[in-house]
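**Student:** Quick one: structure below, then a few questions.
The values are calculated or read from the model by the stated rules, or taken from the named source; none is laboratory data. Since the structure is predicted, the reported quantities are computational estimates derived from the model, not experimental observations. Positions of Cβ are backbone-derived with ideal geometry, glycine not excepted, and every protein chain shown enters the neighbour counts. Ligands, DNA and RNA are excluded from the accessible area calculation, which covers all protein heavy atoms including side chains. Shrake-Rupley method; radii C 1.70, N 1.55, O 1.52, S 1.80 Å.
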Amino acid sequence: MRLGLIAGGGELPKHVAYAAGEDLGHVVVLKGFGAPEDFKRSETVGLGQIGKIFKTLKSSGCTHVCFAGYVDRPDFKNLKPDLRALFLMPGAMKAATGGDDALMRHLLALFEKEGFKIVSPQEVCVDLLLEEGALGAIKLPQAHREDALAACHIAQAIGALDIGQGAVVAGGVTLAVEAQEGTDAMLQRVAGLPQALRGTEGSRRGVLAKMIKPEQDQRVDLPVIGLATVENAAAAGLAGIVAEAGRAFVLDEDSVVEAANRHGLFVLGLPPSEND
């Protein structure tokens, strides 16, 4: 296997590149999201240059492709497509009307049609997957179990509608759901709510759940928990974070555990639900 990495924003692409080792053939850094200096054998390519991406990966001998990192939904009106993308754009635009997951499935199919085998980040970075049980010293208190379950149900419900992957519930009240802004921005929004709703550092209330979308292609876009997730959850007065074991990444686990223990938050891996 010679792996081509399509790198979006965030820390996950760097972990994938490191774990791939000598199998990494080339990194295509999507313009506006990642930094080429973070990788060896890399170059920046615009979202509309799919022809260039195909050519670059093939000339580097890549047989497999991995997509890692976040990418905002493209504005097709402002894309600068190359010749190949001009022919492919009508199909992509049609797929986009079905939601982000439909667009991603369409994109993966284009790469497969081009002869590449899709490799998921979790195949390369299996050690980064959240394990079942408490990640740090703090267990899930009985007082927060109902909020945790409710947040999971709501996250799955919005995922079924292809809205987002995260939800926050406190005292049985839904404080926020994640849409295009992402988890960190959602948590910052929660932090701006009255303390009576969300809790405080001294009296934490509320749970963030991050769940895969029921119909999503699990080769891309698994939920990610990192240091910023914990710090933002703490700043919002929340009591903890839950996600499905084996279906979420934990980046820089030592830092995540240290921050969770310091703030008194639980980070819990739940048994996977039957979404497949």
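**Student:** Restricting attention to region 247-268, which residues are over 20 Å from residue 10 (Cβ atoms) and either touching a Cys at 6+ places or on another chain (Cβ under 9 Å) or buried (at least 16 other Cβ atoms within 10 Å of the Cβ) (or both)?
**Tutor:** 261, 263, 265, 266, 268
**Student:** Sticking with this one: What residue, among those in region 159-177 that are in contact with an Asp or Glu (Cβ under 8 Å, 6 or more places away or on another chain) and part of a strand (DSSP E or B), is nearest to residue 10 (Cα to Cα)?
**Tutor:** The extreme case among them is 166.
**Student:** Then there is this: For region 47-73, give me each residue that is surrounded by fewer than 20 Cβ atoms within 10 Å (Cβ to Cβ) and within 22 Å of residue 11 (Cβ to Cβ).
**Tutor:** Correct list: 70, 72, 73.
**Student:** Filter region 231-245 down to the residues that are more than 17 Å from residue 143 (Cα to Cα), touching a helix residue (DSSP H, G or I) at 6+ places or on another chain (Cβ under 7 Å) and in contact (Cβ under 8 Å) with a residue 40 or more places away in the chain and list them by number.
**Tutor:** Hits for region 231-245 are 232, 233, 235, 236.
**Student:** I need a count of the residues in region 2-46 that are outside any helix (DSSP H, G or I), surrounded by fewer than 16 Cβ atoms within 10 Å (Cβ to Cβ) and not acidic (Asp, Glu).
**Tutor:** 6
**Student:** Note down all Cβ pairs under 6 Å where the first residue falls in region 156-172 and is among the acidic types (Asp, Glu), the second is open to solvent by 60 Å² or more (accessible area, probe 1.4 Å) and at pLDDT below 90, and they're at least six residues apart or on different chains.
**Tutor:** none
**Student:** Across region 74-89, which residue is modelled with the lowest pLDDT among those that are more than 28 Å from residue 25 (Cα to Cα) and open to solvent by less than 80 Å² (accessible area, probe 1.4 Å)?
**Tutor:** Out of the qualifying residues, it is 76.
**Student:** Same structure, new question: Based on this model, can you work out whether residue 180 counts as touching a Ser or Thr at 6+ places or on another chain (Cβ under 8 Å), open to solvent by 40 Å² or more (accessible area, probe 1.4 Å) and outside any helix (DSSP H, G or I)?
**Tutor:** no
**Student:** Which of the residues belonging to region 191-215 are buried (at least 21 other Cβ atoms within 10 Å of the Cβ) and assigned to a loop (DSSP other than H, G, I, E, B)?
**Tutor:** Correct list: 205, 206, 211, 212, 213.
**Student:** Which condition number in (1) outside any strand (DSSP E or B); (2) in contact (Cβ under 8 Å) with a residue 40 or more places away in the chain; (3) under 22 Å from residue 127 (Cα atoms) is the one that residue 259 fails?
**Tutor:** Of the numbered conditions (1) outside any strand (DSSP E or B); (2) in contact (Cβ under 8 Å) with a residue 40 or more places away in the chain; (3) under 22 Å from residue 127 (Cα atoms), the odd one out for residue 259 is (2).
**Student:** Then there's this: Under 7 Å between Cβ atoms, which residue pairs at least 6 apart in sequence (or on different chains) link something in region 122-146 that is touching a residue at least 60 places away in the same chain (Cβ under 8 Å) with a partner that is open to solvent by 70 Å² or more (accessible area, probe 1.4 Å) and of a type outside the set (Ser, Thr, Tyr)?
**Tutor:** From region 122-146, the pairs are 132/271.
**Student:** Taking the condition under 24 Å from residue 16 (Cα atoms) and surrounded by fewer than 14 Cβ atoms within 10 Å (Cβ to Cβ), does residue 113 pass?
**Tutor:** yes
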